[in-house]
Amino acid sequence: MLRAPAGSVEQRDEEQEDEAEEELRDGGVPFYVNRGGLPVDEETWERMWRHVARIHPNAEALGKETRGATDLPKIPIPSVPTFQPTTTIPQRLEAIQKYIRELQYNHTGTQFFEIKKSRPLTALMDIAKEMTREALPIKCLEAVILGIYLTNNMPGVERFPLSFQSHFSGNHFHHIVLGVHCGGRFGALGTSRREDLMFKPLEFRTLMDLVQEFEGAYRGYWHTLRKVRIGQYVSHDAHSVEQIEWKHSILDLDKLTKEELRKELERHTRDMRLKIGKPAPPSPTKDRRNSMGSPLRGQGSPIRRISRIERRPSGDKKVLEPKSAAEINGYQIRV
């Protein structure tokens, strides 16, 4: 929770990114994550209010007024969007973004849902379901998981994580949105304190155009965009055990010219297209895994690989020995 010396800021950033916890700081200001699930336990609840007391200008009066009130207005619960078959993809994405907005951005300093980036997709989708049930305010990383969940039944829409690191007044700021691609156009879903750092309609012809749109928004807030991290397309299989590839390409804007950046983004776009043609195999169910005949290989049984010496050259043909009539008659053809 303490600030590190200025010389170690970059090293600390890289270490936290390796641990997939860069979302635990916002401009050098740390925030908490609710790791105890819902409903929130007493310890997490009190810690959240103590944190609010430190960051809010009128925290003491606000805390007494809110926590002691018995007639607080009931907060409406947003409805998860449903679509008719005739609803177009842009209209569906706008409805999903509207739903994310209605959940509101979480300003409490405590993230209510714990998102571990190393977890399999199926586990993250379970958390997204919980978000729709609880209808609590969310932060940007939670919005990405929720966006994936709400677009899983849109096979024509490809989704990928798109994260940014900006610099302002000596601090690094991290933000992430869900990039979307459909019909040859790019866009984005997400949430942010800033209106122009989340939703982008499907109107950007290239990934470069989309990144430049975000870069322009950052400039409007006197932020310098330093790094862009782009993941691979996310599977539409909500039960997949594969992990989301969050950082397939890491682009340092301080070291790349505009043309070099364009080439890197074009290369990444080609990489994503290649993945569409290579879907991951379906995950076996528990019963199917238990019924598989092949026993698990023990630790002491290394996988044997055929060396080049053992392999038969492609030009050599194996000579088949003639079989006797008795042997041939002994075979049966089974259908």
Counting Lys and Arg as +1 and Asp and Glu as -1 over every other residue whose Cβ sits under 13 Å from the Cβ of Thr269, the net charge comes to +3
How much accessible area per residue does the stretch 90-193 have, counting only protein heavy atoms and a probe of 1.4 Å, in square angstrom? 33 Å²
Any idea how far apart Ala59 and Arg35 come out in nm if each label point goes 7 Å out from Cα toward Cβ? 2.2 nm
Note the full-extension length gain between Ala238 and Glu42 as 0.36 nm times their separation in residues minus their Cα-Cα distance, in nm to one decimal. 67.3 nm
Of the heavy-atom accessible surface of the stretch 91-274 (probe 1.4 angstrom), what whole percent is carbon and sulfur? 47 percent
Segment Ala123-Glu102, extension gain: residue separation times 0.36 nm, minus the distance between their alpha carbons: 5.1 nm
Taking 227-235, 69-77, 250-258, 107-115 and ranking on average Cβ neighbours within 10 Å, highest first, one gets 227-235, 107-115, 250-258, 69-77
Within the stretch 134-154, backbone nitrogen closer than 11 Å to the virtual label 7 Å beyond the Cα of Phe83 toward Cβ: 150-154
The extension gain from His167 to Ile75, computed as 0.36 nm times the residue separation minus the Cα-Cα distance, is 29.5 nm
Under the classification rounded if a/c is under 1.5, otherwise prolate if a/b is larger than b/c and oblate if not, where does the stretch 141-229 fall, given a ≥ b ≥ c as square roots of the Cα gyration tensor eigenvalues? prolate
Translational D (Stokes-Einstein, µm²/s) of the stretch 81-158 at 20 °C and 1.002 mPa s when Rh comes from the Kirkwood sum over C-alpha pairs? 162 µm²/s
What's the magnitude of the charge dipole for the stretch 91-274 around its Cα centre, counting Lys and Arg as +1 and Asp and Glu as -1 at the beta-carbon? Answer in Debye, nearest 20. 180 debye
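The values are calculated or read from the model by the stated rules, or taken from the named source; none is laboratory data. Keep in mind the model is a prediction, meaning the values are calculated, not measured. Backbone-built Cβ (ideal geometry, glycine too); neighbour counts: all protein chains shown. Please note that ligands, DNA and RNA were not included when accessible areas were found on the heavy atoms of the full protein model with its side chains. Shrake-Rupley method; radii C 1.70, N 1.55, O 1.52, S 1.80 Å.
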